[in-house]
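Structure record follows, encoded as structure tokens.
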Amino acid sequence: MANKNSRVLATGSNQITQHYGNAGHGGCDLVKKTNQLDAITAHSDGTVVWCQSGIPNDQGSSGNRSYGNAVKLRHANGWYTLYAHMDYISVKNGQTVKKGQKLGYMGNTGNSYGAHLHFEVRDKSDARVNPEPYLNADLPGAETDEPAGYTGDLTYQAYTQKAWQPKVVNCGDGPDGYAGIYGSALQGLKIDAKNCDVYYRVHTPQSGWLPEVKNSGSGADGYAGIYGQDIDGIQIRVPQGFVDCRVHLKNGDYLDWVRFSKSYKDGTDGYAGILGKAIDGVQMK
Ligand SMILES: [Zn+2]
């Protein structure tokens, strides 16, 4: 570690092979030194909010697949860092990581033409910014001083098939990355945020919008829903910051993400779901 002068490579220094912004490049590409690989480390303390693995080299691919085996972290200031094209990843979704902790190993997966790290920095609204000023510097805002507006980890839980299913932290791919069981309608929902109170309510065809619930608890006030009634709409509000939520329709697909902030909105954009269509999965971040 003596000569280490990179926050995102375990032992090396950053040799940039392609800069941010070149031909729309949304990150910067790094190697340890010409043709030298390295383990990838977390830029700052954070939580794994998205990751994928099992992706081969797939030149010309687009979308998330183009990132190959990749990890996205959310940090205390609400910003994100993303690490792409790894040979393998060694963390999983929802996991808390420390600055410098190993995330995986540099590779050539996804839309990649030679092993390197593609590193992105994104602001609170998930918009890409030039990562190069932050390669060896803190993200804006004190890392340990979570600013107003950051809800912290979101933990949520679905009631379906007559039981509360496992809690989910933030969102991700695969069966652990959402609350619910595909093909089986949600009939209850609980939500908690690490840093603030979260208020929410659900809609059922029989009862309309049900009373608002604050955080999760035990008993009938501690969740939104009525056992035996399928949920077809979800609304959330947080006193500060925002929560992104999307739902999966029973026998359907995911709808678009809906961003909820300090008050409920009206109209069909104001809730997650399509009234009349049962929801069988939900994701939040
Ligand atoms: Zn790149």
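Laid out as a table, the results:
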| item | result |
| --- | --- |
| Difference of contour (0.36 nm per residue) and Cα-Cα distance, residue 265 to residue 65 | 68.6 nm |
| Rounded to 5, the percent of DSSP beta bridges in region 154-284 classed as antiparallel | 100 |
| Equivalent ellipsoid, region 154-284 (semi-axes from 5 times Cα gyration tensor eigenvalues, Å) | 18, 16, 16 |
| Anisotropy class of region 165-234 from Cα gyration tensor, a/c 1.5 cut | oblate |
| Portion, in percent, of the accessible area of the chain that falls on carbon or sulfur, probe 1.4 Å | 46 |
| Accessible surface, per residue, of the chain when the full set of protein chains is kept, probe 1.4 Å, Å² | 44 |
| Entries of 92/124; 32/124; 98/162; 98/190 with Cα pairs more than 31 Å apart | 98/162 |
| Label-zone membership for region 105-138, site residue 5, 7 angstrom Cα→C-beta point, backbone N under 18 Å | 132-138 |
| Value of relative contact order over the chain, rounded to a whole percent, pairs C-alpha under 8 Å and six or more apart | 14 |
| Space enclosed by the convex hull of the alpha-carbon atoms of the chain, per residue, Å³ | 131 |
| Karplus-derived 3J(HN,Hα), 6.51/-1.76/1.60, for each residue of region 164-170, Hz, glycine and proline x | 6, 8, x, 5, 10, 10, 6 |
| Full-stretch length increase - residue 33, residue 18 - with 0.36 nm per residue and alpha-carbon distance subtracted | 4.1 nm |
| Where Rh is the Kirkwood radius over Cα pairs, Rg/Rh for region 18-120 | 0.94 |
| Rounded to whole Hz, the Karplus (6.51, -1.76, 1.60) HN-Hα couplings of region 84-92, x for glycine and proline | 10, 6, 5, 5, 8, 10, 10, 10, 10 |
| Within region 1-94, trypsin sites (Lys or Arg not before Pro) in DSSP loop having at most 15 other beta-carbon neighbours inside 10 Å | 4, 92 |
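The values are calculated or read from the model by the stated rules, or taken from the named source; none is laboratory data. This structure is a prediction, so every number in the text was calculated from the model and none was measured. For neighbour counting, all protein chains shown are included, and Cβ atoms are generated from backbone atoms with ideal geometry for every residue, glycine included. Note: areas computed on protein heavy atoms with side chains; ligands, DNA, RNA excluded. Shrake-Rupley method; radii C 1.70, N 1.55, O 1.52, S 1.80 Å.
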